Amino acid sequence: MRRDIFQAIADPTRRAIIALIALQAMTPNAIAEHFDTTRQAVSKHLRILTECELITQEHKGREIYYQLEIEKMKEIDRWLNQFRKIWEVRFNQLDKVLSTIKNNKK
């Protein structure tokens with residue numbers, strides 16, 4: 001089953017995991033140390049993020065390291081950018097309206 005990337009990043013724990021491994025690749029145990037939850041719960045979050053291709057695994061000896069998939073994050077950013085432009089236009093319009101109201105009160 002293909003998971004939806006936006007459902008994956010909607011969860012605050014998964015966003016926190018993404019923020020952690022954005023700084024450096026980490027093992028599941030090292031990630032789990034940052035959360036007040038079970039190792040199994042963290043593993044489930046890692047599995048979901050892996051299925052969405054937001055993170056990848058790299059085997060180094062006996063350890064598995066999870067690292068952020070930057071290209072996938074860029075894909076999300078490109079999708080959000082179209083809305084960012086709309087928001088900026090609307091905020092600029094709101095600024096003009098508020099400025100006009102303020103000037104009319106003087």
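Quick one: which residue in D36, D77 is loosely packed, with under 14 Cβ neighbours inside 10 Å, in a loop (DSSP other than H, G, I, E, B) and not polar (S, T, N, Q)? Give the derivation first.
On the way: D77 fails: in a loop (DSSP other than H, G, I, E, B).
The conditions single out D36.
So how many residues does segment 1-32 have that are more than 18 Å from the chain's Cα centre (by Cα), part of a loop (DSSP other than H, G, I, E, B) and at pLDDT 95 or above?
1
Six or more apart or on different chains, Cβ under 6 Å: which pairs go from a residue in segment 46-67 that's farther than 16 Å from L23 by Cβ to one that's surrounded by fewer than 14 Cβ atoms within 10 Å (Cβ to Cβ) and of a type outside the set (S, T, Y)? Could you list them?
I64/Q57
Hey, can you tell me all the residues within segment 26-70 that are in contact with a helix residue (DSSP H, G or I) (Cβ under 8 Å, 6 or more places away or on another chain) and basic (K, R)?
Hit for segment 26-70 is R39, nothing else.
Test I5 against the stated conditions and say whether it is of a type in the set (A, V, I, L, M, F, W, C), surrounded by 14 or more Cβ atoms within 10 Å (Cβ to Cβ) and touching a Cys at 6+ places or on another chain (Cβ under 6 Å).
When the stated conditions are applied, I5 passes them.
Tally the residues that are surrounded by fewer than 17 Cβ atoms within 10 Å (Cβ to Cβ) and of a type in the set (D, E, K, R), restricting the search to segment 9-28.
Selection size over segment 9-28: 2.
The values are calculated or read from the model by the stated rules, or taken from the named source; none is laboratory data. Source: prediction; values computed, not measured. Please note: Cβ atoms are built from the backbone with ideal geometry, for glycine as well, and neighbour counts cover all protein chains shown.
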